[in-house]
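The values are calculated or read from the model by the stated rules, or taken from the named source; none is laboratory data. Keep in mind the model is a prediction, meaning the values are calculated, not measured. Cβ: placed from backbone, ideal geometry, glycine included. Neighbour counts: every protein chain shown. All accessible areas refer to the heavy atoms of the entire protein, side chains included, with ligands and DNA or RNA removed. Shrake-Rupley method; radii C 1.70, N 1.55, O 1.52, S 1.80 Å.
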Amino acid sequence: MDCLFCKIINGEIPSDKVYENDKVYAFRDIAPQAPIHVVIVPKTHIASANDITADNSSAVADIYEAIPEIAKSLGISESGYRIVNNCGKDAGQTVFHIHFHLLGGETGGKMY
Ligand code: 5GP
Ligand code: ZN
């Protein structure tokens with residue numbers, strides 16, 4: 001499949017990996033928007049939040065279960081962080097393999 005994040009997951013495209021288990025892969029964003037900016041993806045290909053169903057929603061839980069461990073390893077558990085999922089054109093989604101941005105290391109303020 002011609003998917004950038006599938007290629008990152010299978011090692012075809014190199015990445016700066018920060019975490020991996022059997023269901024989740026996390027790597028540093030190539031264009032960081034915060035001092036710490038990690039992209040967290042499920043190993044299964046799901047295009048966007050629009051494609052979450054009762055059959056595949058465990059992929060989202062897998063990511064949220066990994067987040068405390070990833071945040072701890074990055075040293076931002078206590079200082080805090082933001083998790084962002086962009087879905088579709090108006091949110092600026094550019095890679096259509098669902099992913100969650102983990103942003104931290106600065107006082108970001110509230111978006112909403
Ligand atoms: P989106 O804009 O779809 O929410 O997020 C896609 C993210 O993937 C962007 O923040 C972008 O910087 C990042 N990205 C795009 N291509 C690559 C790449 O080849 N390697 C890494 N590490 N990040 C990438
Ligand atoms: Zn993919």
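Largest GNM mean-square fluctuation among Ile70, Ile36, Ile13, using the chain with Cα springs under 10 Å: Ile13. Excluding same-chain neighbours fewer than eight residues apart, the aspartates and glutamates reachable from Lys72 by a Cα-Cα span under 15 Å are Glu20.
Here Phe100 sits with roughly 20 square angstrom of accessible surface, probe radius 1.4 Å. Size descriptors for region 49-96 (Cα atoms only): Rg and Dmax, in that order, 13.2, 35 Å. A Cβ-based charge dipole, computed about the Cα centre of region 1-109 with Lys and Arg at +1 and Asp and Glu at -1, lands at about 140 debye.
For the chain, with every protein chain kept in place, what is the accessible area per residue (1.4 Å probe, Å²)? Let's see the in-between values first.
On the way: 6740 Å² over 112 residues.
The answer is 60 Å² per residue.
For the residues Ala59, Ala91, Ala47, a GNM of the chain with alpha-carbon springs under 10 Å puts the largest fluctuation on Ala91.
Close amide-amide hydrogen proximity is noted between Val18 and Ala26, Phe27, Arg28, each under 5 Å apart and 5 or more residues distant or on a separate chain (H modeled in the peptide plane; Pro and chain starts excluded). Have a look at Lys23, Lys89, Lys43 and tell me which one the Gaussian network model of the chain (Cα, springs below 10 Å) gives the largest fluctuation. Judging by the Gaussian network model, the answer is Lys89.
Using 0.36 nm per residue, how much length does the chain from Glu78 to Leu4 gain when fully extended, once their Cα-Cα distance is taken away? Mind showing how you got there, number by number?
Values: separation 74, 0.36 × 74 = 26.64 nm, distance 3.21 nm.
Value of the extension gain: 23.4 nm.
Here the extension length gained between Glu65 and Ile13 equals 16.2 nm, from 0.36 nm per residue of separation less the Cα-Cα distance.
Lacking any other cysteine beta-carbon closer than 4.7 Å, the following Cys residues of the chain have no compatible partner: Cys87. With respect to the chain, whose longest principal axis is taken over its alpha-carbon atoms, helix 58-74 is tilted by about 30°. By accessible area, using a 1.4 Å probe on protein heavy atoms only, region 26-108 has 50% of its surface on carbon and sulfur. If you sort Met1, Met111 by accessible surface, 1.4 Å probe, largest first, the order is Met1, Met111.
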